[in-house]
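**Q** Have a look at this one before I ask anything.
Here, each number is a calculation from the coordinates, and none is a lab measurement. None of these values were measured; they are calculated from a predicted model. FYI the Cβ positions are ideal-geometry reconstructions off the backbone, even for glycines, and counts take in every protein chain you see.
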Amino acid sequence: MSQKISFNFDNTKFMASDSEVEAIKPRIQAAKKTLVEKTGEGNDFLGWIDLPVNYDKVEFGRIKEAAAKIQSDSDVLLVIGIGGSYLGARAAIEALRHGFYNSVSKEIRKTPEIYYCGNNLSSTYISELVEVIGDRDFSVNVISKSGTTTECSVAFRLFKEMLEKKYGKEEAAKRIYATTDKARGALKTLADAEGYETYVVPDDVGGRFSVLTAVGLLPIAASGADIDKLMEGAANGREYCLSKDFDDSDVMKYAAVRNVMYEKGLGMEILGNFEPALHFVTEWWKQLYGESEGKDGKGIFPAGVDFTTDLHSLGQFIQDGTKNHFETFINVENPRKAVIMQKEAEDLDGLNYLAGKEVDFINKCAMEGTILAHVDGGVPNIRIDMDTIDELSLGELFYKFEFACGVSGYTLGVNPFNQPGVESYKKNMFALLGKPGFEEMTKELRARLNK
Ligand code: PA5
């Protein structure tokens, strides 16, 4: 079980000393026990723990078939979903596939362009996406566990109409792939009535833990990434997380160190990457930790930065501003591609001292220099070393972050698997829209808004 992901805590010791980490160890061990023995709050949402080894193989095969069909009959795939119903897929596709996926030529990309919608309510965004699709062939993967999320339902209605106008109802139905609950919700009802191919979000897997279900796997497979390897990487992560006890487990130590620092007043964790391809991994991580830990007046606020660009904006604040945060950097040891600096006859830009060096060497110096500067500024730094950005590493990273999140959430004393805050906004929006069944609430909220 060779690991592609490891954590380095050398630069946190001034805030989370070895003895402080040792002191929290029993609580971390107890939290892990609660998680794996499924005895804590939210224990009906722990299906993700075994997903990498215990998943529906028949559905997995159908996902690959659907991906091949989409690749053969579509220029564009629209992924309609929000939150946990899209961030994992986008994180994986943007990390694993070409950095300019939609813009690069089809000869290089080989697979359909992929666009995301149903993650906002902007009429401008939707209209402009219609223009991007133009008269090209397209398919839709609509993803919603509840089947009732407004952003997603609105976008789906519009693009379903577009498909039906273009292909007729029957052919359109063959281009719609619905990922939702196995039995409940408006999307399931609609999918059954219209005869769409459906995929299941398991009852015991919440949105933000669903990247390794059809929610993430269908779009990821359609993009041409290898979902077998992604699952293999996650299975490696799972074996590590389940088999190692505290002293040998980076994942438990990550949960420990972040809780020690939180209890000392550092209420924000900033995830930084030095590879643009990881931007949406950060977005996925923000949702995972934000929705899992931020409740009951507690939690570490998960923020994200893309370096080196944000060194020229938020870097100032991180280094020098209010000190309520720690950082976690993802360091990719081996970039997929190398670019070497060349020597110029006249060294007008003064860069000949870098001739023969890879751009990644400069990137690593930027990272190491940033760590030293931020640590000097009093900001603790956790470094996650990732072998390279491929399916094996990413699957392992997804799993390790999920597991650490469960352990950390229980250590914090919250139920990491519900999201009551998200539900509140959804209900308010239904009421303000005048959805049937919300009449009393509609009156009350409109009165509050003087409408
Ligand atoms: O993690 C979560 O549970 C949420 O972010 C959901 O994924 C998000 O609200 C979308 O919900 P649904 O899949 O029901 O449309």
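**Q** Which ³J(HN,Hα) values in Hz, rounded to whole numbers, follow from the phi angles of region 100-111 under the Karplus curve 6.51 cos²θ - 1.76 cosθ + 1.60, where θ = phi - 60° and Gly and Pro get x?
**A** Values per residue, Gly and Pro as x: 10, 3, 6, 8, 5, 5, 4, 4, 7, 6, 6, 10 Hz.
**Q** Taking a cut-off of 21 Å, what percent of all Cα-Cα pairs in region 276-425 are separated by more than that?
**A** Counting pairs separated by more than 21 Å, the tail of P(r) holds 56 percent.
**Q** Suppose every K and R has +1 on its Cβ and every D and E has -1 on its Cβ; what is the size of the dipole of the chain about the Cα centre, in Debye to the nearest 20? All intermediate terms of the calculation are to be shown ahead of the outcome.
**A** Details: 53 positive and 69 negative charges, 279 e Å.
That gives a dipole near 1340 debye.
**Q** Grab the other residues whose beta carbon is less than 9 angstrom from that of N381, score K and R as +1, D and E as -1, and report the net.
**A** Counting the neighbours of N381, the net charge comes to -1.
**Q** What would the Debye formula give as log10 I(q)/I(0) at q = 0.10 Å⁻¹ for the alpha-carbon point model of the chain, no solvent?
**A** -0.77
**Q** What's the magnitude of the charge dipole for region 120-208 around its Cα centre, counting Lys and Arg as +1 and Asp and Glu as -1 at the beta-carbon? Answer in Debye, nearest 20.
**A** Magnitude of the dipole: close to 140 debye.
**Q** Relative contact order for region 80-142: what percent, with Cα pairs under 8 Å and sequence separation of 6 or more?
**A** The value is 46 percent.
**Q** Work from the charge dipole of the chain (Cβ charges, +1 for Lys and Arg, -1 for Asp and Glu, about the Cα centre) and give the residue of G42, L212, A191 farthest towards its positive end.
**A** It is A191, whose Cα lies furthest towards the positive end.
**Q** Moving on to the next point. How big is region 161-222 along each principal axis, measuring the range of its Cα positions in Å and listing the largest first?
**A** Each principal axis gives a Cα extent; for region 161-222 these are 36, 25, 14 Å.
**Q** Arrange the peptides 359-371, 97-109 so that the one whose residues have, on average, the most other Cβ atoms within 10 Å appears first.
**A** 359-371, 97-109
**Q** Taking the Cα centre as origin and putting +1 on Lys and Arg beta-carbons and -1 on Asp and Glu beta-carbons, what dipole magnitude results for region 78-162, to the nearest 20 debye?
**A** For this selection, approximately 300 debye.
**Q** Here's something else I'd like to know. Could you please rank H279, H325, placing first whichever residue has the fewest other Cβ atoms within 10 Å of its Cβ?
**A** H279, H325
**Q** Then there's this: For C117, what residues show an amide H to amide H distance below 5 Å, using hydrogens built from the backbone and excluding near sequence neighbours?
**A** V79, I80, G81
**Q** In what order do W284, W48 fall by count of nearby beta-carbon atoms within 10 Å, going from fewest to most?
**A** Fewest to most other Cβ atoms nearby, the residues stand as W48, W284.
**Q** Step by step: find N for region 228-280, compute 2.2 N^0.38 Å, then divide the Cα radius of gyration by it. What's the final number?
**A** 1.46
**Q** Provide the net charge surrounding K264, with neighbours chosen by a C-beta distance below 14 Å and charges set as Lys +1, Arg +1, Asp -1, Glu -1.
**A** Surrounding charge for K264 is 0.
**Q** Now a separate question. Could you sort 21-28, 345-352 so that the peptide with the highest average Cβ count within 10 Å comes first and the rest follow in order?
**A** 21-28, 345-352
**Q** Of the options V21, I108, G61, report the single residue whose Cα projects farthest towards the positive end of the charge dipole of the chain (beta-carbon charges: Lys, Arg +1; Asp, Glu -1).
**A** Comparing the listed Cα positions along the dipole, G61 ranks first.
**Q** Continuing with the same structure: Farthest toward the dipole's positive end in region 366-436, which of L392, P436, A404, given Cβ charges of +1 (Lys, Arg) and -1 (Asp, Glu) about the Cα centre?
**A** P436
**Q** Also, quick follow-up: Counting other beta carbons within 10 Å of each residue's own, what order do L271, L212, L163 fall into, fewest first?
**A** Sorted ascending by nearby Cβ count, the order is L163, L271, L212.
**Q** Next question. Order the peptides 443-449, 90-96 from the highest to the lowest mean number of other Cβ atoms within 10 Å of their residues.
**A** On the way: 443-449: 11.1, 90-96: 24.7.
Taking the mean over residues of other Cβ atoms within 10 Å, the ranking is 90-96, 443-449.
**Q** So, one more: Take the Cβ-Cβ distance between E131 and R336 as r, set R0 to 41 Å, and report the resulting FRET efficiency rounded to the nearest 0.05. Please list the in-between numbers first.
**A** Numbers: r = 32 Å, r/R0 = 0.78.
E between E131 and R336, to the nearest 0.05, is 0.80.
**Q** Rg over Rh of region 102-253, using C-alpha atoms and the Kirkwood radius, what does it come to?
**A** Over the Cα atoms of region 102-253, Rg/Rh equals 1.04.
**Q** Taking the alpha-carbon centroid of each part, what is the distance from region 182-201 to region 23-96 in angstrom?
**A** What the calculation gives is 19 Å, centre to centre.
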